[in-house]
Structures are given as structure tokens and as C-alpha cells.
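Asker: Pasting in a structure now, in C-alpha cells, and then I'll have a few things to ask.
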Amino acid sequence: MEDLRKMVSSPNTLPAELPTDGFIPQLRRNCCYIVSAVIINQNKVVLIQEAKLGCRGKWYLPAGRVERGETLIQAAKREVLEEAGLVFSPTRVVGIEGSSPGWMRINFVGEVTGGELKTHEDKESLQAKWFDIDEVLNSRISLRAGDIIPVIKSAVEQEKTKFTGALPVEIERPNYTISLVVVHDNKNNSISLIEDADGKFPTAVIPKWNPAGEDRYTLDILEIAQRICKDQIGLETTSDLKFGGVLSLAHDGRQGNDGIHFTLLYFSPHLSSLDNGYTWQSSNDSCIREFVLSDKVMPLK
């Protein structure tokens, strides 16, 4: 399954003629990625007590900025170790927040594989504790912000439904690109996918839009997907398309590139007519069918 996830994010699957708009994403300069960690065990969740002056003493999930030269997973592990004292092993993304790639928060769920819960104060945090989940969700403790409540709720709900989810793939990207996997379930153990003549999915560079003259991206990811469906694929209407989630999120900042490639999953109830060389291609491959019809996606909030 992970091989398929890497396949749909690989540069080899992208059209060679994809333009670049001259924009180079750089953390700490024109884009910001936040990671957070939800660690749950026996109906308890780990929170850290903030040491920052503006929110000192308040409680929050272990979280922080991705630094240059890091992968998203490395950043999540570092933040948990620094703020909670625990060795963290991410198992899936519980959700991606932020409608534009210029600012995103990637919320991980995972397990503790070592370390000891932090009890001493330093610049990263005052301490870390396990709290009853109900106590947190009902705001019976002083939280830095209530935005972690829906994140924890989602993690709990996903656990109940045995949601398997996925992790980001570590593939270096120089800019922001987006691919669409548009699927029609043929109901006969086969599916149909929209592909071009070279067997590649519809893909585009996410354009820069800076009404204030700022060197950053602010366009909505799903809005870009709608444009690709209409202008590139030629779908007359997109109102009946169902968004399935982020099938793959590719990023690897270790070589200094902070771009991201998004692969979004959409379901189409019809085999609609297409333009610009795109066609519906039927597949009987059980692995591919399981891949796109399973719950191995990353929710986009």
C-alpha cells in the first residue's frame, strides 16, 4: 500500500512540462508548517504545559513549527521529545488543517516507544501530564486554545471506527503541486480512473496569489482542485464529485526544498465526458482498487 502511495507522489508520475512560477517555498520566510501529536492510551491523552510568556501555564498538545532541513515526521518526533520527554512514533495523520499550503498544521496520532514524561521546566515546556480525555474535551482544564479539542475528538472517533489512515511520504518537492485521483467505482470489482495519454493523473502547479504583494500562497487547495476538474479535465460540473481526502502528502525538507505535492482523492458517480486528452481508464487491479476505496487517507479540515 505504501508503494502505491509513493507511486502517486513520485516525480515520475508528474507531467514533465509542469511549469514553475518562480516561487520557492522556504520555511520561516514565506511558508509555515506546524505539526502536533495526539498520544492516547486508556482514555487518557498527553498534554504539555506551555512555558512561553504569552500562554505560560496553559495546556496544549505537543506541537510546534517544522524547521528547515526536517521531514514532517522528524519534526513531530522532535517536538514530542522536547516538550513531553517522550519518544514518539507516528502511526497516521489524524487531519490536515489549513486551506492553503502556505500555512498548514499536520496533526499526527502515534505511540510512545520510550522516554519519560517530562517533569522539569525548560524553555520548551513546564511539564507534561496524562489527562482524562473527557476532562480535556469538556474544557475542565485551562487550555492554551480550544482548537485542539476537535483534533482530539477526531482521533478518538477514528480509533472507534478502526480508521487506518496514512502518513506523509518522504519525497522531495521544489514547489507546490497537486494531482487528482478521480475514481468511479464500476461495482464489478473494477474501477475507472481519469488519466492522460501517458497514464498520468491530472496535475497542476498551485499558483501564487498575493493580493497584498506578499510572497506567499493563499489560494484554497480544494478550489484549485475544482479548477483542474473544469479547466484541465473538462468536467462540465463538479457538484456531484465527492472529496475523499488526501491520498498522499509528499514532502522532504532534508535537502532544503520545502515544497509539497498533494494527491487528492475524488469519487465520481458518473463516467462523464472529458477533454484535453483525458479518458477514463478501467482497472481490475485489486491492490489499486483497495488503495483508492479504503480509508487510508488523510482528512483535510
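The values are calculated or read from the model by the stated rules, or taken from the named source; none is laboratory data. Note that the structure is a prediction, hence the values are computed from the model and not measured. Glycine gets a Cβ as well: all are built from the backbone with ideal geometry, and neighbour counts include every protein chain shown. We work out accessible area using only protein heavy atoms, side chains counted, and drop any ligands, DNA or RNA first. Shrake-Rupley method; radii C 1.70, N 1.55, O 1.52, S 1.80 Å.
Asker: Working only within segment 277-301, note down all residues that are β-branched (V, I, T) and in a helix (DSSP H, G or I).
Answerer: Hits for segment 277-301 are I288, V292.
Asker: Same structure, new question: Looking at L86, L53, which one is surrounded by fewer than 15 Cβ atoms within 10 Å (Cβ to Cβ) and free of Cβ contacts under 8 Å to residues at least 60 places away in the same chain?
Answerer: Result of the check over L86, L53: L53.
Asker: Can you tell me how many residues within segment 183-206 are touching a strand residue (DSSP E or B) at 6+ places or on another chain (Cβ under 7 Å) and without any contact (Cβ under 8 Å) to a residue 60 or more places away in the chain?
Answerer: Of the residues in that region, 0 qualify.
Asker: Contact list please: Cβ distance under 6 Å, first residue in segment 105-128 and assigned to a strand (DSSP E or B), second residue at pLDDT below 95 and acidic (D, E), pairs at least six apart or on different chains.
Answerer: Hits for this filter: R105/E97.
Asker: Just give me the residues in segment 172-182 being open to solvent by 60 Å² or more (accessible area, probe 1.4 Å) and out of contact with any Asp or Glu (no Cβ under 8 Å at 6 or more places or on another chain), in sequence order.
Answerer: The one that is open to solvent by 60 Å² or more (accessible area, probe 1.4 Å) and out of contact with any Asp or Glu (no Cβ under 8 Å at 6 or more places or on another chain): P174.
Asker: Also, I was wondering about something else. In the list F108, F131, which residue meets the criterion of being touching a helix residue (DSSP H, G or I) at 6+ places or on another chain (Cβ under 8 Å), under 20 Å from L143 (Cα atoms) and not β-branched (V, I, T)?
Answerer: F108
Asker: Is at least one residue of segment 266-276 at pLDDT 90 or above, open to solvent by less than 30 Å² (accessible area, probe 1.4 Å), in contact with a Leu (Cβ under 6 Å, 6 or more places away or on another chain) and not in a strand (DSSP E or B)?
Answerer: Checked segment 266-276: at least one residue is at pLDDT 90 or above, open to solvent by less than 30 Å² (accessible area, probe 1.4 Å), in contact with a Leu (Cβ under 6 Å, 6 or more places away or on another chain) and not in a strand (DSSP E or B).
Asker: Here's a follow-up. Which condition breaks for S139 when tested against (1) at positive phi; (2) open to solvent by less than 60 Å² (accessible area, probe 1.4 Å); (3) of a type outside the set (A, V, I, L, M, F, W, C)?
Answerer: Of (1) at positive phi; (2) open to solvent by less than 60 Å² (accessible area, probe 1.4 Å); (3) of a type outside the set (A, V, I, L, M, F, W, C), only one is false for S139: (2).
Asker: To continue, here is another question. Could you please find all residues in segment 277-301 being at pLDDT 85 or above, of a type in the set (A, V, I, L, M, F, W, C) and within 25 Å of T237 (Cβ to Cβ)?
Answerer: Within segment 277-301, W280, L300 meet the criteria.
Asker: Moving on to the next point. Among (1) out of contact with any helix residue (DSSP H, G or I) (no Cβ under 9 Å at 6 or more places or on another chain); (2) among the aromatic types (F, W, Y); (3) more than 30 Å from Q255 (Cβ to Cβ), which single condition is W59 missing?
Answerer: (1)
Asker: Can you tell me which of (1) of a type in the set (G, A, S); (2) surrounded by 14 or more Cβ atoms within 10 Å (Cβ to Cβ); (3) modelled with pLDDT of 95 or more is the one G114 doesn't meet?
Answerer: (2)
Asker: Let me ask another. Name every residue in segment 151-171 that is open to solvent by less than 70 Å² (accessible area, probe 1.4 Å) and farther than 15 Å from G245 by Cα, in order of residue number.
Answerer: V151, I152, A155, V156, V169, I171
Asker: While we're on this one: From the list I48, I39, I73, exactly one residue is within 25 Å of the chain's Cα centre (by Cα), open to solvent by 10 Å² or more (accessible area, probe 1.4 Å) and aliphatic (A, V, I, L, M). Which is it? Spell out the reasoning first.
Answerer: Details: I48 fails: open to solvent by 10 Å² or more (accessible area, probe 1.4 Å); I39 fails: open to solvent by 10 Å² or more (accessible area, probe 1.4 Å).
So the residue among I48, I39, I73 that is within 25 Å of the chain's Cα centre (by Cα), open to solvent by 10 Å² or more (accessible area, probe 1.4 Å) and aliphatic (A, V, I, L, M) is I73.
Asker: Can you find a residue that is farther than 18 Å from A76 by Cβ and crowded, with 21+ Cβ neighbours inside 10 Å anywhere in segment 102-111?
Answerer: yes
Asker: Okay, moving on. Which condition from (1) modelled with pLDDT of 90 or more; (2) open to solvent by less than 30 Å² (accessible area, probe 1.4 Å); (3) in a loop (DSSP other than H, G, I, E, B); (4) out of contact with any Pro (no Cβ under 6 Å at 6 or more places or on another chain) is the one that L235 breaks?
Answerer: (1)
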